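Notes to accompany the following structure.
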Amino acid sequence: MSTPINTIFSPALAARFDRLVTIYPMRRSALIPMLLYAQDEVGYLSEQVISEVAARIGITELDVRDVITYYSLMRTHPVGKYHVQVCTNISCMLRGGNELLAHCKHRLGIGNKETTPDKVFSLEEVECIGACSWAPAAQVNYDFHENLTPDSMDKVLADYRART
Amino acid sequence: MAYLVSHPDEVKVLSFRFGKGATDIDKYLELDGYTAVRKAIGLGAEGIIAEMKTSGLRGRGGAGFPTGLKWSFVPKQAQKPKYVLVNGDESEPGTCKDRLIFEHDPHSVIEGVIIAGLAIGSKMGFIYLRGEYRYLLKIMEKAIDDAYAKGFLGKNIFGSGLDFDVISHTGAGAYEVGEESALMESLEGKRGIPRIRPPFPAVVGLYGGPTIINNAETLASVPHIFRIGGAEYAKLGSERNGGTRLFCLSGNVAKPGVYELPMGYNLKKMIYEVGGGIPNGRSLKAVVPGGSSCPALLAKEIDIGMDFDQVGKAGSMLGSGGVVVLDDTVCMVEFALRTMKFYQHESCGWCIPCREGTDWLKKTLTRFHAGGGVAKDIDNIRYLAQNMLGRTFCPLGDAAAMPTIAFVDKFRKEFEDHLDGKPCPYAHQPEAALVGI
C-alpha cells in the first residue's frame, strides 16, 4: 500500500507514522496509537486527521470514527491547552476527589467538559487513572498530579497558567 | 510520578529494584537483570512451564488462574504465529501497581515476556499500556530500544539461535480493554469489544494465532521465579498461592501506598499495621479487597489471609490487589452509586444485560441516593444485579453486579435510611453532586 502524501502532520510525526504502520503483523494495529499521537499534535481528531489516518491505514473514515467513539481519550473537538482531568472514582472520592473537582470548577469558572474562554484550560471528570494510593489525583494532559488538596491544585493550575 | 513506601513486613522480590534506577539497562544488569532469561533458555520450553507450575504463580490481573497451566494450553504446533501479550491496561478502580513496575523496573516486564515467548515458541510480544500512562510508554520504549541494542531482543537473542521481538503499544482509555479478548481487538485497531469464547486465546488469540495474555505484574514476576527458583518462590506465599504480590492500599487509611507482601498476608494486619490504621479517629466500615469489582467485606470479616482461596471463601475476590478502605463516615449508597457510574460508563454496550443493567442500576441508585427512593427499589437493585450475573460475554457485567449485590445485602439498613425522601443521612460527604461523566 502506498503511503499518502503527508498533508497535515509535522515531518517528524509523518515519519513516525510511516514506520508505525510497518511494525505490526497487521497494518490496522497502528490505528489507535496513530490517532492518539495525531491528537497530541493537532489538539483533536479533526475531519482532516480522520481522513488522512484512514488513508494511511487503508480503511474507511467510518472505520476510524467507529474506533474514535469507543475510546475515552479520543476527542473530535478542541479542548484547552491544558486539559485538567480530575478523578472522582472510589479511591479518589474517599479522599476528596469530588471536592477537588468542585474546586476546579469554581477556580476555572467552567463546568465538566467545558473550556475557559481564553482556551487555556478545560476540565473533565474522569474515571480511575491509576493513582489510587496517591489520591486524590488529576492529570493535566498526560502529567499526573497526586495527593492533591484545593491549595496544591491551585498551585498546579497557576504553574500551567504561567507557562502560557 | 508514583511514590514509593516501605514497611518492615514487606518481602521485596518483585519490587526489589524499585527506586534503584533499574530503568537504566546497565543498572538492571548489575541488579541480577537478564539472568533469569539465560536460565530459562537452558531449561527449554517444557522446563520453563514445569518451573512456572512449581512456583504456584497465579494471574495477578484478577482471575488468579495458575500461570504455568495457562501457558501449557498453547498448542505446540500451530499454523499461525504465536504471540505473548502483556496486559498493562491497568484500570480496575483501586489498582495502581503496574504503574510502579513500568516506572521502576521496565526490563523485568521485557524479561518476563521473553521467557513466556520461549515457553510457547513465540517470536513476538506486545506490551499494551493504557493510554493515560504516556510517561510509562516512553520509559518502556527506551527499555525496549536498550534491550535491542544489547542484543537481548531481535535476532539470535543471547546467542540461543532464537529470535524475539517486542513492541510497546498504547491504548486510549477503556476499562473494558483490560479484558483479554477486548484487548486483542483493541490491539488489532478496533473497538474493544470482547470475543466469544471458546476458542480461547491460547488457541485463537491475537491475529488469530495462539496467544498468551498475562497481567503486567504476572509477567514481571516471572523472571524472579527463575532468579530464585520456582520452589523458593512458592514458599514465599500461602498454600496454592505462590509468591508475593503488590497490594495497593487506598482510601481511608493512614499510610496508603503500594506494598509488596506475601500471598496470604492477613488483611486486618495489612490495614492496621502496614497501612497504619484508620485516620482521624474514625473506625473501619468496610474494605473492598481487590478492586471495585470485588464484593465489600465488613470490618468483622477482615481477619483473613489475602490469597485467592481465602478471600474467595470469605465471599469476595482477591482481584487485582486494590485494597480500598472505607471508614464509618462513608455513605454506602453513594459508594455503590459511584461504583455503578463507573461500570455504566465503561460497559462496551455489546451485551444487553450489562449495557441495560448498569444503566438502570445507575439511574436507580442516583434517584435513590437523592432521596427519591421507595422501599421496593432496594430489592429491585439486587434483583437487577442478580440477573446480570453470568449472562454476558465478558466479566464486566459480573464486575458491576457482584459488588452491588453485596452492598445491598450487607448495608441494607443504609439503603433503608435513605427512604421517604430523607436527605442522605451521611451528609458529611461533599454535596458537590456527582456530575454526569
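The values are calculated or read from the model by the stated rules, or taken from the named source; none is laboratory data. Computed from a predicted model, the values in this text were never measured in an experiment. Ideal geometry is used to build each Cβ from the backbone, glycine not excepted, and the neighbour counts take in all protein chains shown.
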For this session: Name every residue in segment A:1-15 that is exposed (fewer than 15 other Cβ atoms within 10 Å of the Cβ) and either free of Cβ contacts under 8 Å to residues at least 40 places away in the same chain or among the hydroxyl-bearing types (Ser, Thr, Tyr) (or both), in order of residue number.
Result: A:Ser2, A:Thr3, A:Ile5, A:Thr7, A:Ser10, A:Pro11, A:Ala12, A:Ala15
For this session: All but one of (1) basic (Lys, Arg); (2) within 19 Å of B:Asp328 (Cβ to Cβ); (3) not in a loop (DSSP other than H, G, I, E, B) hold for B:Arg282, so report the exception by its number.
Result: (3)
For this session: Please state which of the following conditions B:Ala202 fails to meet, knowing it meets all the rest: (1) within 14 Å of chain A (Cβ to nearest Cβ); (2) out of contact with any strand residue (DSSP E or B) (no Cβ under 6 Å at 6 or more places or on another chain).
Result: (1)
For this session: Inspect all residues belonging to segment B:92-104 and state whether any of them is hydroxyl-bearing (Ser, Thr, Tyr), over 21 Å from B:Glu141 (Cβ atoms) and within 14 Å of chain A (Cβ to nearest Cβ).
Result: yes
For this session: Looking at (1) under 30 Å from A:Gly97 (Cβ atoms); (2) of a type in the set (Ser, Thr, Tyr); (3) at pLDDT below 95, find the lone condition where B:Tyr135 falls short.
Result: (3)
Exercise. Which residue out of B:Lys235, B:Lys255 is under 26 Å from B:Ile271 (Cβ atoms), outside any loop (DSSP other than H, G, I, E, B) and out of contact with any helix residue (DSSP H, G or I) (no Cβ under 7 Å at 6 or more places or on another chain)?
Worked result: B:Lys235
Exercise. Can you tell me how many residues in segment B:1-36 are aliphatic (A, V, I, L, M), more than 21 Å from B:Lys235 (Cα to Cα) and in a loop (DSSP other than H, G, I, E, B)?
Worked result: 6
For this session: Within segment B:312-333, count every residue that is in a helix (DSSP H, G or I) and either among the β-branched types (Val, Ile, Thr) or within 8 Å of chain A (Cβ to nearest Cβ) (or both).
Result: 1
For this session: Test A:Val21 against the criterion of being farther than 30 Å from B:Gly290 by Cβ, of a type in the set (A, V, I, L, M) and part of a helix (DSSP H, G or I), and give yes or no.
Result: yes
Seminar exercise, completed: Of the residues in segment B:310-369, those that are at positive phi, in the same structural domain as B:Gly397 (by TED's automatic domain parsing) and in contact with a Ser or Thr (Cβ under 9 Å, 6 or more places away or on another chain) number 0
For this session: Considering only segment B:334-350, state which residues are of a type outside the set (D, E, K, R), assigned to a helix (DSSP H, G or I) and either closer than 20 Å to B:Leu419 by Cα or within 8 Å of chain A (Cβ to nearest Cβ) (or both).
Result: B:Phe335, B:Ala336, B:Leu337, B:Thr339, B:Met340, B:Phe342, B:His345
For this session: Determine, yes or no, whether B:Ala254 is surrounded by fewer than 21 Cβ atoms within 10 Å (Cβ to Cβ) and within 24 Å of B:Ala2 (Cβ to Cβ).
Result: yes
For this session: Return a yes/no flag: does segment B:53-76 have any residue that is β-branched (Val, Ile, Thr), surrounded by fewer than 24 Cβ atoms within 10 Å (Cβ to Cβ) and either assigned by TED's automatic domain parsing to the domain that holds B:Lys123 or part of a helix (DSSP H, G or I) (or both).
Result: yes
Exercise. Which numbered condition trips up B:Ala116, out of (1) crowded, with 24+ Cβ neighbours inside 10 Å; (2) more than 14 Å from B:Ile48 (Cα to Cα); (3) touching a residue at least 60 places away in the same chain (Cβ under 8 Å)?
Worked result: (2)
Problem set entry | Single match in B:Ala172, B:Ala147 (criterion: modelled with pLDDT of 95 or more and assigned to a helix (DSSP H, G or I)) | B:Ala147
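To keep it simple, each residue is scored yes or no on (1) at pLDDT 95 or above; (2) outside any loop (DSSP other than H, G, I, E, B).
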residue	(1), (2)
B:Glu185	yes, yes
B:Lys190	yes, no
B:Ile193	yes, no
B:Ile196	no, no
B:Pro201	yes, no
B:Thr218	yes, yes
B:His224	yes, yes
B:Phe247	yes, yes
Exercise. Cβ-Cβ below 7 Å, separation at least six or inter-chain, first residue in segment A:54-81 and without any contact (Cβ under 8 Å) to a residue 12 or more places away in the chain, second small (Gly, Ala, Ser) and part of a loop (DSSP other than H, G, I, E, B): which pairs?
Worked result: A:Tyr70/B:Ala174; A:Tyr70/B:Gly192
Exercise. Is one or more of the residues making up segment A:147-155 over 21 Å from B:Tyr135 (Cβ atoms), free of Cβ contacts under 8 Å to residues at least 40 places away in the same chain, polar (S, T, N, Q) and surrounded by fewer than 19 Cβ atoms within 10 Å (Cβ to Cβ)?
Worked result: no
Seminar exercise, completed: When every residue in segment A:40-65 that is surrounded by 15 or more Cβ atoms within 10 Å (Cβ to Cβ) and within 9 Å of chain B (Cβ to nearest Cβ) is compared, the one nearest to B:Thr170 (Cα to Cα) is A:Ile57
